[in-house]
Amino acid sequence: MNNPDYTSLVPHYTFADTLEEQETQLATNPLLNRMLVARDAMAGDPHRPIYHYVNPEHTLNDPNGLCFWQGRWHMFYQAYPPEDPRQHWGHTVSDDLIHWRDLPYAIYPNPERCCFSGATLVEKNRVIAMYHGTEVGNMVAVSNDPLLLNWEKVTGQAVIPIKSDDGLPLPYRVFDPCIWRKGDAYYALSAGQLPGPGDRRIRADFLFRSTDLAHWEYLHPFVEDDMFTLVGDDGACPYFWPIGDRDGGRHMLLFFSHTSGGQYLLGDYDEDRDKFVVTAHDYFNFGPAWPSGVHAPSATPDGKGNIVVIFNMNAGKPTPGWNQIMTLPRKLTLVGKNDICVEPAGDVTSLRRDHTYIGQMTLLANEEIVLESVTGNALEIEAEIEPSAASVIEMNVLRSPGNEEYTRITFFRDRGYRQNRGLPTTRQLSQIVLDATHGSTLPHVRPRPPESAPVFIEPNEPLKLRVFVDKSVVEVFINGKQCVALRVYPGLADSTGVSLRSMGQESVLTSLDAWQMENIYT
């Protein structure tokens, strides 16, 4: 029986092999011109971010294949072109991880029906993309031109087919893959599940090996000693990378569970047995992924021992013509053996303008203080606060003058315990909560439950908040150790205020800096 013809209806272009020729071709490319018109047409939407990446036309889903090639950052993503809304790999490029430039669609379906998620591997002379092709299996494509515009699929077929030749059940699942190289061989994970307690299933990643990218040998389930993920989790969108320095470094497996959201496993790569031995785990979602939550990761090493990761974020309100967005890139850093710090990555400070500074101020107990000089819905705020004996510290953003709408950031000091990593003592955690319950008065907005994340703050350490507000997204970084984010859709034009409150007892605002943020698309 012949396979269906899944040739895309989207125009496809072949580009030259030199950067100068490619730039000349892109300047008059009809597809890029169409994208520019579509982006301009949606620029007036009050909830469309101006400094977080949003694709130029129609809708998007998972980010894919984040990588650094010939001096530029490339991000791919599941795009749904308007004339053929099946997943293609959309494509954008950046010099600094912040200012993104649209490029034509990179990978088109056929023989697969849709191009689902996957990862990239950068080699000296090429970039390898491995992704899931629906209905056929996992695919490999390669590119070596300056802007990664031309892609060729290895064998033209699935290199890890979704069905066996004899029709018998496979001992593994063929789904979202990632790829790396060790010695003379390539290794790939394929995400999925294994039988678990009762009728439930548990997260699994199946390991394959190849010497030529075309022929793959199945080895075994890869992850060992995972006592952290939940029954019912799956391991979609996996990324497996080293983190930390060579002497004390570990490995991290980032993934998305359709049950409990984005998360990671931290451990040691036993290269002799080709097993990943897990010792720690944490989340990127602190609540459900839908609606308005952080979704799937795309991650790559930064060349300095850290990992850069970007997530898509789900919508919480119908927005005709578009829906999801990307988070700011985050830099993950290994601290000690089992702890991860998280900070913004890329040159986000280049977007700052119109600086406002507020010096030391006492926050009287139980009194909301509106910061009249700090307003806007595309802001960055850096605040340092000495909580003293206050029971709770609050910051409200996107606040209307009458307080009908506001998004609340709440810090609870010393709430709960966890076992100190690798030591017999315990340490007390604090909690950061991001709550958009009162973020919108619009009738069709679906507020999500508050994000509530643990963060360890030393006994004499001040609270340091770095808050990014961008139309319909709020991201909060806490002391460089934790991050919470969600989508929010204010319905009132004057929901642009910022306020502070110290509950129970007074505290001290040491300093606050705020900047209006520039539009990366103009």
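Nothing in this text is a laboratory measurement; each read-out follows from the coordinates by a stated rule. Not measured: the values here are computed from a predicted model. Virtual Cβ from ideal backbone geometry, glycine too; neighbours counted across all protein chains shown.
Mind giving me the FRET efficiency for residue 444 and residue 184? R0 is 41 Å, r the Cβ-Cβ distance, nearest 0.05 is fine.
After rounding, the FRET efficiency stands at 0.15.
Quantify how much of the Cα-Cα distance distribution of the chain extends past 33 Å, in percent.
Of all Cα-Cα pairs in the chain, 41 percent lie more than 33 Å apart.
Can you sort 143, 257, 373 from fewest to most other Cβ atoms within 10 Å of each residue's own Cβ?
Final ranking by Cβ density, sparse to dense: 373, 143, 257.
What is region 348-517 by shape, rounded, prolate or oblate, if you read a ≥ b ≥ c off the alpha carbon gyration tensor as root eigenvalues and call it rounded for a/c under 1.5, prolate for a/b larger than b/c, and oblate otherwise?
It is prolate, given that a/c is not under 1.5 and a/b is the larger ratio.
Give me the angle, in degrees from 0 to 90, between the Cα long axis of helix 30-42 and the longest principal axis of the Cα atoms of the chain, rounded to the nearest 10.
That works out to roughly 20 degrees.
Assigning unit charges at the beta carbon (Lys, Arg +1; Asp, Glu -1) and nothing else, what dipole magnitude in debye, to the nearest 20, does region 131-219 show about its Cα centre?
360
Pull up the cross-link candidates among the lysines for residue 304, meaning alpha carbon to alpha carbon under 27 Å and not fewer than 8 places away within one chain.
124, 182, 275, 331, 337, 464, 481
Taking a point 7 angstrom from the Cα of residue 219 along the C-beta vector, which residues in region 176-195 have backbone N less than 14 Å away?
178-190
Radius of gyration and Dmax for region 211-355's Cα atoms, expressed in Å?
Over region 211-355's Cα set, Rg and Dmax evaluate to 17.1, 57 Å.
Can you return the lysines within cross-link range of residue 317? Criterion is Cα-Cα under 19 Å, with same-chain partners fewer than 8 residues away left out.
Output for residue 317: 471.
May I ask you to derive the relative contact order of the chain, considering only C-alpha pairs under 8 Å and at least 6 residues apart, and to give it as an integer percent?
Relative CO of the chain lands at 13 percent.
Below 8 Å, C-alpha to C-alpha, sequence gap of six or more: please give me the relative contact order for region 348-517 in percent.
43
For residue 36, put the label point 7 Å out on the Cα→Cβ axis and report which residues of region 43-58 keep their amide N under 16 Å from it.
43, 56-57
Under 15 Å from the Cβ of residue 370, count the other residues' Cβ atoms, weight Lys and Arg +1, Asp and Glu -1, and hand me the total.
My count for the surroundings of residue 370 gives -4.
When the scattering of region 56-157 is computed by the Debye formula from its Cα atoms alone, each counted once and equally, what is log10 I(q)/I(0) at q = 0.13, 0.18, 0.24 Å⁻¹?
One equal scatterer on each Cα of region 56-157 leads to -0.41, -0.79, -1.37.
If each DSSP helix of 4+ residues adds -39,500 (n - 2.57) and the sum is divided by the residues in the chain, what number results at 222 nm, nearest 500 deg cm²/dmol?
-1500 deg cm²/dmol
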